Amino acid sequence: MNSDKILAIETATEICSVCYQDENGEVHEKRTERKGSHSELIFIFIREMMREQKLNIKELDAVLVSTGPGSYTGLRIAASAVKGLLFGLEISVYAGNTLAGFAQKAGAGKIHAVINARRKHLYHQSFRKNGDVKAISESLIMELKEIESKLQQGDLIIGTGIDRLNEESLKNINIIDSTTISAKGLINLFNSGAKDEFFSKTTPEELESNYLTSVQVNNSNLNKANSN
């Protein structure tokens with residue numbers, strides 16, 4: 001079986017993961033959850049992958065980048081790395097929905113993908129997975145209590161910051177450990193029928209992150225207040 005050669009980068013949380021899909025479809029990974037290590041390790045991981053897998057960057061068919069929501073610093077580091085790595089090369093770059101990549105790693109059913117955020121908030125998006133992943137809500141930054149109100153018995157939840165939610169709200173929820181989160185979720189999502197929904201083709205120069213700011217939080221709260 002011949003497969004596309006794909007390099008994927010996931011740095012939207014404290015997890016720093018670099019994955020490479022070779023021509024045989026096998027996925028190789030370098031991963032850590034060491035806080036503040038992204039700028040130090042992302043290029044080390046890529047160099048190690050190049051050496052161990054005899055990877056030539058020029059031979060890549062695509063580079064996938066998790067572009068948020070998530071940590072501004074982590075997202076910026078990934079974007080900068082791709083700009084430097086692919087400078088002068090004509091290789092397809094795809095910006096991927098971080099939370100959809102998380103959902104890809106979950107089982108079947110209704111999935112809540114979350115990422116730790118500041119103050120009393122998490123980034124959140126809901127999905128349905130019965131085969132391919134389908135989004136059933138937008139990617140938003142939401143208060144903990146609002147997310148708790150959305151959780152129903154039998155739902156799945158995956159991501160970071162789950163421990164900040166009320167224990168009672170998680171009582172009958174299937175919790176998927178953050179150790180399952182990696183750039184492999186991006187590769188699997190890209191290879192699925194949901195590729196067009198969650199990836200947008202771009203260039204290293206135009207690569208941007210979907211960083212949700214505190215301004216958006218304030219605007220969201222204002223809109224809710226006006227609607228009441």
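The values are calculated or read from the model by the stated rules, or taken from the named source; none is laboratory data. Everything numeric here is computed off the predicted structure, so don't read it as measured data. Quick reminder, even Gly has a Cβ in these numbers, built from the backbone with ideal geometry, and neighbours come from all protein chains shown.
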Open item on the list: Out of the strands (runs of 3 or more DSSP E) lying entirely within region 102-149, which hold 2 or more residues that are touching a strand residue (DSSP E or B) at 6+ places or on another chain (Cβ under 8 Å) and crowded, with 22+ Cβ neighbours inside 10 Å?
Closed with: 109-116, 121-130
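Return the total of residues in region 66-101 being on the phi < 0 side of the Ramachandran plot and either part of a strand (DSSP E or B) or not aliphatic (A, V, I, L, M) (or both).
Of the residues in region 66-101, 21 are on the phi < 0 side of the Ramachandran plot and either part of a strand (DSSP E or B) or not aliphatic (A, V, I, L, M) (or both).
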Open item on the list: Would you confirm whether or not region 187-201 contains a residue that is over 20 Å from G101 (Cβ atoms), basic (K, R) and either exposed (fewer than 12 other Cβ atoms within 10 Å of the Cβ) or not assigned by TED's automatic domain parsing to the domain that holds G88 (or both)?
Closed with: no
TODO: Working only within region 24-41, note down all residues that are modelled with pLDDT of 95 or more and either in a helix (DSSP H, G or I) or in contact with an Asp or Glu (Cβ under 8 Å, 6 or more places away or on another chain) (or both).
DONE: H28, K30
Open item on the list: Between G74, G88, G131, G68, which is under 19 Å from K5 (Cβ atoms) and at pLDDT below 95?
Closed with: G88
- [ ] Please state which one of L144, L156, L165 is under 17 Å from the mean Cα position of the chain (by Cα) and without any contact (Cβ under 8 Å) to a residue 60 or more places away in the chain.
- [x] L156
- [ ] Select from region 84-101 the residues that are in contact with a Leu (Cβ under 7 Å, 6 or more places away or on another chain) and more than 15 Å from G131 (Cβ to Cβ) and write down the one among them that is surrounded by the fewest Cβ atoms within 10 Å (Cβ to Cβ).
- [x] I91
Task: Considering residues of region 162-216 that are touching a Phe, Trp or Tyr at 6+ places or on another chain (Cβ under 8 Å) and part of a loop (DSSP other than H, G, I, E, B) only, the residue modelled with the lowest pLDDT - done: L212
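Filter region 1-23 for residues that are hydroxyl-bearing (S, T, Y) and assigned to a loop (DSSP other than H, G, I, E, B); which is nearest to L86 (Cα to Cα)?
Per the stated criteria, the residue is T11.
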